[in-house]
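Reading through the structure tokens given below for one structure.
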Amino acid sequence: MRIILFTGKGGVGKTTLAAATALLSAKKGYKTLVISTDAAHSLSDSLEIQLSNQPKKIMTDLYGQEINTVEEIEKKWGEIKSYLSDLFSSQGIDTIEAEEMSIFPGMEELFSLMEIRNYNKKSDFDVIIVDCAPTGDTLRLLSAPEITGWYLKHIFPIQRTAAKAVRPVASRVLPFPFPEDKVFGAMKRLTSQLAEMKEILEDNKKTSIRLVINPEKMVIKETQRAYTFFSLFGYTVDLIIVNRLIPPEVQDHYFKQWKTIQATYQQMIKECFSPLPILSAELFSREITGVDLLYEMAKKVYGKKNPAQIFFAKKPILIEKADGGFDLSLNLPFVEKKDLDLSQKGEELFIKVGNYKRNILLPQTLLNYSLKGAKFEKERLKINFRG
């Protein structure tokens, strides 16, 4: 199975390109599913076909789905949500407000994304294309498996063991409801599922992210930050698609200056994201909706290339043997030394880049060595572990 996630700054055309890619994939003979995990669904509008929470056949080998976030939250978060709502209510918070507070920001997109795990197990489709939320939301939801995995390993077992011991007394004396064992069970199931999803997302032989970008300064900067984040968390970006380029044949005086500006930013994009492959999509003379126009766009973007292929598969994290120990290196583009903070505590390596922080559980081999230093080599951070 091949999994491709499309994301980008809001308004750059990621939904259109996700739909176009899915359509071309189906035309190539792959059984393809295109999913929208963005709460503001626009995939139906792009395809001009009303989609629902279940895969709907659009044409031969092409299916579409817009995930019902309310339904997914109830299925995956229901028991935990009920407990949190009761907890907040016991502290005097209004019932409606307690209900709202029991659902955390980004949860809708996260549970929608978890559908990937289900399809990966079933193997009903050859290609799954995901139209993700805008970049900021995607950054948060893709870090969730890492965060919950840490919670499961370090906090959850202790919490559950302690709860069994103190529940009989706590239920009588505490001024709030103490969680039942089923709540811990629901959390364990959820965090285990998220850990599975993290493995799928990190598998660069199966999964990759495609960043959609417009030739505009602010969009380029946000895409650079997104690329750094995905690299930090071990997710593979295999392609950049520059959208809405003014076609060469447009000679109108009004667009002359815009074409000059776009040419400058195109060069900037090449310099910033090399060696990532870059494809381009020209601005059409009309809005691109419906199967026919989407197919036309896809052919112009990909040409004779296979849209489901992996265009770039450089591993974000490498561990190599070195003199007297090992070197762990990871790709960190657009990062300066002053923005980096590095530390180790036991089996965990903590890396902080600006506002982003990641903890990497080190393999057993490296635990016999000490962190001795780090340096940048061509956008890769090489961390030295020596005896």
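Quick check: net charge around GLY354, other residues with Cβ under 15 Å of its Cβ, Lys/Arg +1 and Asp/Glu -1?
Values: positive: ARG140, LYS221, ARG225, LYS337, LYS338, LYS352, LYS357, ARG358; negative: GLU222, GLU336, ASP339, ASP341.
Summing Lys and Arg as +1 and Asp and Glu as -1 gives +4.
Using the Cβ atoms and a cut-off under 13 Å, what net charge is assigned to the surroundings of LYS205, where Lys and Arg are +1 and Asp and Glu are -1?
Details: positive: ARG2, LYS206, LYS314, LYS315; negative: GLU199, GLU202, ASP203, ASP238.
Every neighbour counted, the sum reads 0.
How much of the accessible area of region 1-50, probe 1.4 Å, is carbon plus sulfur, in whole percent? Could the numbers behind the result be given before it?
Numbers: 640 of 1450 Å².
Percent of accessible area from carbon and sulfur atoms in region 1-50: 44.
At 1.4 Å probe size, with the rest of the protein present, what percent of the exposed accessible area of region 204-244 is carbon and sulfur atoms?
50 percent
Using the reciprocal of the averaged 1/r over all distinct C-alpha pairs, how large is the Kirkwood radius of region 207-305 in Å?
On the way: mean 1/r = 0.0680 Å⁻¹.
14.7 Å is the Kirkwood radius here.
Any chance you could check the Cα centroid distance between region 324-358 and region 187-209 for me, in angstrom?
Between the Cα centre of region 324-358 and that of region 187-209, the gap is 22 Å.
How big is the antiparallel share of DSSP beta bridges in region 214-335, given as a percent to the nearest 5?
On the way: 6 of 11 bridges.
That works out to approximately 55 percent antiparallel.
Please calculate how many Å² of accessible area region 198-237 carries per residue, with a 1.4 Å probe and no DNA, RNA or ligand atoms counted.
33 Å²
Once both labels are modelled 7 Å past Cα along the beta-carbon direction, what's the SER280-LYS217 spacing in nm?
2.1 nm
Roughly how many Å² is the accessible area per residue of region 243-308, as a whole number, for a 1.4 Å probe?
Working: 4270 Å² over 66 residues.
Averaged over the residues of region 243-308, the accessible area is 65 Å².
So, in Å, what gap is there between the alpha-carbon centers of region 1-35 and region 234-259?
19 Å
For region 265-387, what % of the accessible area comes from carbon and sulfur atoms, probe 1.4 Å?
Exposed carbon and sulfur together represent 46 percent of the surface.
Count the lysine pairs in region 1-76 whose Cα atoms lie under 22 Å apart, taking only pairs 8 or more positions apart in sequence or on different chains.
Final tally of qualifying lysine pairs is 12.
Run the numbers on region 289-387 and let me know its relative contact order in percent, using alpha-carbon pairs under 8 Å that are six or more apart. Could the numbers behind the result be given before it?
On the way: 123 pairs, mean separation 23.7, N = 99.
So the answer I get is 24 percent.
Order of 5-15, 306-316 by packing, highest average Cβ count within 10 Å first? Write out the running numbers ahead of the final one.
Numbers: 5-15: 22.7, 306-316: 16.0.
Top of the packing list down: 5-15, 306-316.
The values are calculated or read from the model by the stated rules, or taken from the named source; none is laboratory data. The shown structure was predicted, so the numbers you read here are calculated from the model rather than taken from an experiment. Every residue, glycine as well, gets a Cβ built from its backbone with ideal geometry; the counts of neighbours run over all protein chains shown. In case anyone asks, the SASA skips ligands and DNA or RNA and just uses the protein heavy atoms, side chains included. Shrake-Rupley method; radii C 1.70, N 1.55, O 1.52, S 1.80 Å.
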